[in-house]
1. Could you name the aspartates and glutamates whose alpha carbon sits less than 12 Å from that of residue B:299, not counting residues in the same chain fewer than 8 places away?
2. Given the options A:317, A:343, A:369, identify the residue whose Cα lies farthest towards the positive end of the charge dipole of the range A:245-386 (+1 on Cβ of Lys, Arg; -1 on Cβ of Asp, Glu).
3. Please tell me the relative contact order of chain B in percent, rounded to the nearest whole number, where contacts are Cα pairs under 8 Å and at least six residues apart.
4. With +1 assigned to the C-beta of every Lys and Arg and -1 to the C-beta of every Asp and Glu, and no other charges, what is the dipole magnitude of chain B about the Cα centre in debye, to the nearest 20?
5. Farthest toward the dipole's positive end in the protein assembly as shown, which of B:250, B:289, A:172, given Cβ charges of +1 (Lys, Arg) and -1 (Asp, Glu) about the Cα centre?
6. So for the protein assembly as shown, taking the charge dipole from beta-carbon charges (+1 Lys/Arg, -1 Asp/Glu), which of B:10, A:66, A:275 sits furthest toward the positive end?
7. Assign one of three labels to the range A:319-431, namely rounded, prolate or oblate, based on the Cα gyration tensor with a ≥ b ≥ c the square roots of its eigenvalues; rounded applies when a/c is under 1.5, prolate when it is not and a/b is larger than b/c, and oblate otherwise.
8. Leaving out ligands, DNA and RNA, what percent of the accessible area of the protein assembly as shown is carbon and sulfur, probe 1.4 Å?
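The values are calculated or read from the model by the stated rules, or taken from the named source; none is laboratory data. A quick note: this is a predicted structure, and the numbers were derived from the prediction, not measured. Every residue, glycine as well, gets a Cβ built from its backbone with ideal geometry; the counts of neighbours run over all protein chains shown. What goes into the accessible areas is simple: the full protein's heavy atoms, side chains included, and nothing from ligands, DNA or RNA. Shrake-Rupley method; radii C 1.70, N 1.55, O 1.52, S 1.80 Å.
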Amino acid sequence: MRVALLLLLLLAVVALPGAFFPQRTSDPNAVQQYFLDHPDTADLLDSLHLFDVYASPWFSAVYLLLFVSLIGCILPRTWVHLKNLRAEPSRVPSRFTRFDVRGQARAAGTPEQVRRRLDAALGRRYRRRLASERGRTADGETRTALTISAERGFGRETGNLVFHLALVGLLVVTAWGQLVHYRGQVVVVQGDTFVNAPLDFDSFDTGSWYGADAQEPFRVRLDSFESEFTVDSQARDFVAGVTLTETDGSTRTADVRVNHPLETDDTRIYLTGNGFAPRFTVTDGSGEVAFSGAVPFLPTADPNYASNGVVMVPDANGGERQLGFNGVLLPTAAADEEGNLIGSAYPQPLDPAVVLNVWVGDLGLDNGVPQNLYLLDTTDMEQVLTTAEDGTEAPVQVVLRPGESVELPDGLGTITFEDLPRFAAFDVRYDPSIVWMGVFAGLAFAGLVASLFLPRRRIWVRLVAGADGATVVSAAALARGDDPGLQRELDRVLAVLESDQAATSKEDR
Amino acid sequence: MNSDLGDISTLLIYGAMASYVVAMIAFAVDVSALGVGAPKDRRRRAAGIGLSTMWLGAGLQFVAIVVRGLAAGRVPWANMYEFTLMFTFFVVAIFLGLQTRRDVRYLGVAVSMLAFLALMLAVAVLYVEADGVQPALRSYWLVIHVSVATLATGLSGLAAMISIAQLVKARSERATVSAGSAAMAASGATAEVTSGAAGGTSATATAVAEPSTQPSATFGSRIVGSLPPSANMERLAYRLNAVGFVAWTFTLVAGAVWAEHAWGRPWGWDPKETWTFVIWVIYAAYLHARVTTGWAAEKFAYFALVGFMAVLANFYIVNIFFSGKHSYAGV
């Protein structure tokens with residue numbers, strides 16, 4: 001028990017660093033940022049697993065030890081408890097004076113009759129044993145006393161055991177879920193479809209027991225995306241209208257909202273993000289269409305959805321002089337007094353515009369190293385400049401509104417901003433352990449409530465025939481832990497006798 | 001229309017704060033009367049005024065919360081300001097509820113002060129206009145998860161106040177025990193003096209003897225003396241904490257269910273989740289220790305206080321200074 005307590009406190013201590021250092025699991029970008037900001041300490045912290053606290057050996061050691069100690073404590077207790085459940089209530093103690101809660105009464109009738117009434121008064125909650133015992137009175141006569149031992153509240157210990165066992169169950173199903181789950185993330189532009197298959201996801205991770213045949217083969221098409229904002233740009237609702245084609249070929253339409261995932265047979269699809277994916281057409285110097293498609297631009301922290309994005313045109317000019325564009329999309333472009341676009345004024349596309357820088361050279365896509373689709377690697381590229389009237393050179397900035405087209409300098413070609421569909425980001429998750437987590441969490445909660453609030457009580461009564469044909473009743477009660485209602489409970493039971501003769505008293509106990 | 005209702009709610013909160021200040025002063029007057037030696041069983045008129053104004057404040061605050069909900073068109077516990085309104089209301093309401101069953105007027109100053117300070121902070125720093133909520137919060141789990149969290153916060157808050165009173169009282173009890181043994185040695189001498197003063201002056205003798213039995217009846221010790229025995233307060237704090245722990249467990253489980261709906265995972269070690277987990281573990285250790293160890297009652301009080309400090313940190317520090325998925329407090 002002491003060990004368990006120590007480990008519990010230790011668990012609280014080792015869980016805390018995860019709240020202070022960014023964690024790879026919940027915020028990988030912040031971890032990267034930490035490495036950039038604190039290059040001298042980051043490696044040390046990383047070797048101490050401070051960026052993966054909850055998967056670290058020391059955190060795992062503490063919780064595994066805690067559960068080992070818990071099981072070591074709970075199993076014997078379960079055994080004892082099962083035996084107790086079958087055992088009869090304990091014998092009536094010989095002397096009641098050592099108990100704090102006692103009561104006495106005199107009742108009319110024989111001891112048998114009185115015992116029957118008390119027995120009825122105890123109610124169904126008590127398990128009881130009725131017995132008799134021989135004893136000597138003060139003047140040396142032998143006398144037979146009838147007894148009742150009653151106890152209730154096995155649910156308290158049952159609840160306690162259920163609570164602890166449910167915690168073990170929770171740990172086990174969580175581990176199982178980690179092994180068999182998969183999770184994919186995908187960005188879908190309006191009108192496009194994705195298939196629930198590893199290759200179709202932008203990122204995909206699985207547990208080690210994942211089998212590809214476990215993946216339900218469904219298709220989801222994003223038909224529409226609608227958002228709602230207040231006048232001061234606060235988001236109020238996001239709705240992705242999708243068409244789901246299921247394994248058997250049947251289709252249905254559904255709305256996916258935040259807090260309202262789409263459920264297929266065993267998979268859930270969550271709406272996790274959204275933004276704009278401007279559609280561009282790029283022709284190269286020879287007039288060939290080198291690129292045509294919608295490019296998701298990632299919203300920045302700006303509430304008005306100013307978004308960053310990159311257009312890569314590897315096929316331009318036969319791949320010799322590849323084109324790259326990076327820049328910003330402003331859903332509602334706001335200009336300063338000189339007409340320069342300075343930002344977005346509203347998250348809805350009331351007056352959208354893109355502002356792009358133009359690069360030419362090698363995009364670096366052909367060397368096989370994975371690239372960030374939202375960042376332009378400009379190491380082997382050159383920014384296209386323009387010469388102003390006064391002879392100074394400045395980067396070319398292309399400003400486009402939907403439907404507009406611009407000729408690039410130096411005969412590089414043209415770029416056209418066709419239109420502005422939206423994109424939605426979905427998380428597809430399969431984790432069969434979720435239901436069991438719910439079951440065990442519910443059991444743990446119910447067990448906890450029972451173990452804290454069900455009273456565990458014992459009541460003993462001894463009945464002796466009195467001189468005048470009445471019965472002398474003496475009783476005592478004992479509870480586990482604090483039980484302010486114990487005296488009241490004993491009084492309640494003895495109260496059935498009070499109708500004939502008021503004799504209980506706490507004063508003379 | 002809506003912003004009018006919001007303003008009315010804010011005005012009512014000012015009213016509730018004023019009531020709590022009056023209550024605090026009244027309870028303080030009551031306590032200081034004890035301190036200057038007023039008999040324990042006198043009519044405590046100041047405490048009565050304190051209680052009435054507490055009831056008034058709680059009533060005003062209740063109406064303010066309801067009006068706030070009407071103004072925003074949703075349940076009124078979706079940001080830090082409203083969370084504060086809720087948990088301070090629970091602290092006050094549970095205190096008043098307890099008072100109907102037993103005498104807990106000794107908590108009056110602490111409860112009214114806690115309520116006032118928390119509301120003050122809410123109005124001055126955390127205030128936001130009554131408005132709708134972002135999509136992540138549009139769920140019936142907001143109703144369930146957050147309301148129980150405010151209740152749990154209220155319960156641990158009140159229990160923490162009791163624990164402080166318990167610690168103060170326990171200190172003086174210990175002093176009395178050690179002073180008692182010293183007094184035993186000294187009392188022999190006093191008895192001789194009294195008997196030497198002869199029966200005729202017994203009135204004076206008692207007058208002299210009384211302060212000598214309580215050699216250090218200062219302002220503070222009289223107040224502490226009027227507190228209930230520390231063991232009783234510990235038991236009361238334990239019962240509140242036990243209910244609080246159940247409420248906290250429920251908050252945790254409901255939060256995990258909601259997280260599964262909203263973010264696609266029941267648990268992700270987000271800073272808020274981590275802190276909530278740590279608080280749960282602290283209170284679990286407290287309950288565990290209370291059931292299985294025979295520690296001195298004061299240790300439990302320290303435990304409960306650490307737990308409540310973690311609750312406060314989880315609310316004020318984590319919400320404002322840690323960025324995570326729970327960062328929609330609107331501050």
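1. Correct list for residue B:299: B:234.
2. A:343
3. Working: 390 pairs, mean separation 69.2, N = 331.
It comes to 21 percent, rounded to a whole number.
4. On the way: 22 positive and 16 negative charges, 110 e Å.
So the dipole magnitude of chain B works out to roughly 540 debye.
5. In the protein assembly as shown, that residue is B:289.
6. Going by the charge dipole, the pick is A:66.
7. Working: a/c = 2.14, a/b = 1.09, b/c = 1.95.
Since a/c reaches 1.5 but b/c is at least a/b, the shape of the range A:319-431 is classed as oblate.
8. On the way: 23930 of 40250 Å².
Result for the protein assembly as shown: 59 percent of the exposed heavy-atom area is carbon or sulfur.
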